[in-house]
Amino acid sequence: MRVRIKEGIQKQENLSIDKKYMVYSVETSKNKEEFYRVENDLKQVVPYSISLFDIVSDRKNSDWILWNKPNNSSAFLPKQLAYLSFWEDYYNDELEALKKFNLVKEQLFQEELGDDELHEIFEQDNEDEIIFVLNALHKTKDNKMTNQIIQYVKRKLEKSNGLDNTVLLAFQYLSLFKQSDVEDYFIYYLTNIELGNDLLTAVVNEYFN
């Protein structure tokens, strides 16, 4: 499920006009106030009044449940997040809560984002979002992004002397597919020694073995 700020709404702190926001929970307080819990521009997942938003996509998968809490409030959210201490644990950086949230986010990225939006994430070089997309694609073994990701890693390696998490994840994703565009790029990588990195080379060698 995704939402966007309504036209004519006064500018809200940490929210942008025309940007689509992923919804991680639809909540109703005991006073019947309704909120969307979204990830804002500062990467903070916080509740905002639903009156601020229009729905862009109301898509929800079978993992979403209606959870009636003991304090007479309720939430419609992925079942993995439906326990009393979840958001407190998440805000306190508890490892298990962060892991659950990241798995949910990967799933939502895979289900919600169209091909054009996925391409835009790589063009904008948004590292956090690229990691979620790559993890989701890797788990589902979806090869629809191989060409885009080849162009992405080629660009990254040619302009940088270092290795970041996105490039390693991208190589691991590409190595899933025995297809000509991947093979051609890996050969290009091996024959351009200035691009070499031990971790990347290990992935490529394993691919050809």
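The values are calculated or read from the model by the stated rules, or taken from the named source; none is laboratory data. Quick caveat: nothing in here was measured; it's all calculated off a predicted structure. Ideal geometry is used to build each Cβ from the backbone, glycine not excepted, and the neighbour counts take in all protein chains shown. With ligands, DNA and RNA removed, areas are computed over all heavy atoms of the protein, side chains included. Shrake-Rupley method; radii C 1.70, N 1.55, O 1.52, S 1.80 Å.
Just a few scattered comments:
- Virtual spin-label span in nm between residue 20 and residue 126, 7 Å along Cα→Cβ: 1.1
- The heavy atoms of residue 119 present about 60 square angstrom of accessible area, all protein chains included, probe 1.4 Å.
- Total charge dipole magnitude, the chain, about the Cα centre, Cβ charges on Lys, Arg, Asp, Glu only, Debye to nearest 20: 640
- In order through the stretch 56-66: 3J(HN,Hα) via Karplus (6.51 cos²θ - 1.76 cosθ + 1.60), integer Hz, x for Gly, Pro: 8, 9, 9, 5, 9, 8, 6, 6, 7, 9, 8
- Selection among 157, 177, 199 by position relative to the dipole of the stretch 145-209 gives 157 as farthest towards the positive end (Cβ unit charges, Cα centre).
- Note on the chain: with a GNM built from Cα contacts shorter than 10 Å, the maximum mean-square fluctuation among 72, 197, 40 falls on 72.
- The residue list 23, 132, 68 was ranked by how far each Cα lies along the charge dipole of the chain toward its positive end, using unit charges on Cβ atoms, and 68 comes out on top.
- Too-long pairs where the Cα-Cα distance tops 28 Å, listed order kept, from 6/60; 11/100; 11/154: 11/100; 11/154
- Radius of gyration and Dmax over the Cα atoms of the stretch 60-156, both given in Å: 16.2, 53
- Residues 140, 191, ordered by accessible area of protein heavy atoms at a 1.4 angstrom probe radius and largest first, appear as 191, 140.
- Full extension of the chain segment joining residue 116 with residue 65 gains 15.4 nm, where the gain is 0.36 nm per residue of separation less the Cα-Cα distance.
- Candidates per GluC sites (Glu not before Pro) in the stretch 1-109, loop by DSSP, up to 15 other Cβ within 10 Å: 7, 13, 33, 94
- Acute angle (nearest 10 degrees) that the helix 95-112 long axis makes with the longest principal axis of the chain, alpha-carbon atoms: 80
- Along each principal axis, Cα extent of the chain, largest first, Å: 65, 36, 28
- Separation of the stretch 127-168 and the stretch 26-91, taken as the distance between their Cα centroids, equals 30 angstrom.
- Here the calculated FRET efficiency for residue 54 and residue 179, from their Cβ-Cβ distance with R0 = 45 Å, stands at 0.65, rounded to the nearest 0.05.
- Lys, Arg +1 and Asp, Glu -1 on Cβ, resulting dipole of the stretch 150-202 about Cα centre, debye, nearest 20: 140
- Residue-span extension gain [residue 155 to residue 46] - 0.36 nm each, minus C-alpha spacing: 35.8 nm
- Dipole magnitude of the stretch 98-149 about its Cα centre (Cβ charges: Lys, Arg +1; Asp, Glu -1), debye to nearest 20: 500
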